[in-house]
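Structure first, commentary second.
The values are calculated or read from the model by the stated rules, or taken from the named source; none is laboratory data. Quantities reported herein were computed from a predicted structural model and do not represent experimental measurements. With ideal geometry, Cβ positions are generated from the backbone for all residues, glycine too; neighbour counts draw on all protein chains shown. All accessible areas refer to the heavy atoms of the entire protein, side chains included, with ligands and DNA or RNA removed. Shrake-Rupley method; radii C 1.70, N 1.55, O 1.52, S 1.80 Å.
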Amino acid sequence: MSLGVFLIVLLAAALHAGWNALVKSGADKVSAMTAVVLGQGLFGLIALAFAPFPAWEAWPWFLGGVALHAGYQVFLVSAYRIGDLTQVYPIARGVSPLLVAGASVLFLGEQYGEVQTLGILLIAIGIGSISLVRREDGMFQGKAAVLALCTGGFIAAYSLNDGIGARVAGTGLGFYAALAVVEGLVFPGLVAIAAPQAFRRALRLKREILIGGGASFAAYALVVHAFTLAPIALVTALRETSIIFALLIGVGVLHERLSLAKVASTVTTVLGAALLKLSKGAGG
């Protein structure tokens, strides 16, 4: 993984943590998520004016991405409605690198050196261990953890799907821009049918639409571009260092408690990211 790709994915991680915190901090999670997805679609439409149109061979992957992203959004919002950012986010992001790495080896024939494998494992362990920390009131939200695990499954699935789709499409930006436009219709459309009041509230959330949607679009557009330049599993694992940024936002902005366990988990995650950057094994 080159320095350029490494820095691109770290920037994406910071942007991703930012828009997740924006959704979590909102009083109405459904409206906030709907507004962010609407913003994604808006920025995707703008990007399509400049990006190459994806090759037709990529459209099966495109349709799969639409379905998987919609599932991800539904489960993420459900988890945030009952669980803390510092519980839901680490579980959802922690499980996906291991799933993607395993699937990449089994189905895509990708290979990783020992140092890269250790880096992926350390990132997953560091992120996942944060989820074991209880809330300030001493409660552990079991249902939120299950929903977060399901969310992580969708993350792994759409990461593999979109990584392959972007390569087949011949344009990472064009593939995701088209995906974001359709996403901007599908999820908000579902909300408009199931919860019309939440949809109407979403239309008034200009900060979430412009800032959240812009951050979300930029974050994943950078990741999809990185998928075309480096092994999908390595990009996915490094992207999940977004938990570090989420931890900083949770403590500094949302005023969640900082504990020694969270610090240790963060250090483990940083060590894993460093190993991915320094590794020279297969797939690097």
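Brief remarks follow.
- The chain: DSSP helices with Cα axial extent of at least 20 Å and average Kyte-Doolittle hydropathy no lower than 0.5: 3-25, 29-48, 59-82, 85-103, 114-130, 142-169, 172-194, 213-227, 260-278
- Stokes-Einstein diffusion for the chain at 25 °C, viscosity 0.890 mPa s, with a Kirkwood radius from C-alpha pairs, works out to 132 µm²/s.
- The chain: Lys pairs at Cα distance under 25 angstrom, eight or more positions apart or on different chains: 8
- If you take all other residues with their beta carbon under 13 Å from the beta carbon of HIS69, and give Lys and Arg +1 and Asp and Glu -1, the sum is -2.
- Per residue, the chain reaches -25500 deg cm²/dmol at 222 nm when only DSSP H runs of four or more residues are counted, each adding -39500 (n - 2.57).
- Gain on full stretching of the segment that runs from VAL251 to TRP56 - 0.36 nm per residue minus C-alpha separation: 65.7 nm
- Heavy-atom accessible surface of the chain: percent carbon and sulfur, 1.4 Å: 72 percent
- Annotation: GLU208 carries an accessible surface of approximately 10 Å², with a 1.4 Å probe and no ligand, DNA or RNA atoms counted.
- Förster radius 41 Å - calculated FRET efficiency between ILE125 and LEU45, Cβ distance, rounded to 0.05: 0.55
- Ranked packing of 226-236, 74-84, 13-23, most packed first, by mean Cβ within 10 Å: 226-236, 13-23, 74-84
- Compared with the alpha-carbon gap, the fully stretched path from VAL263 to PHE107 is longer by 52.6 nm at 0.36 nm per residue.
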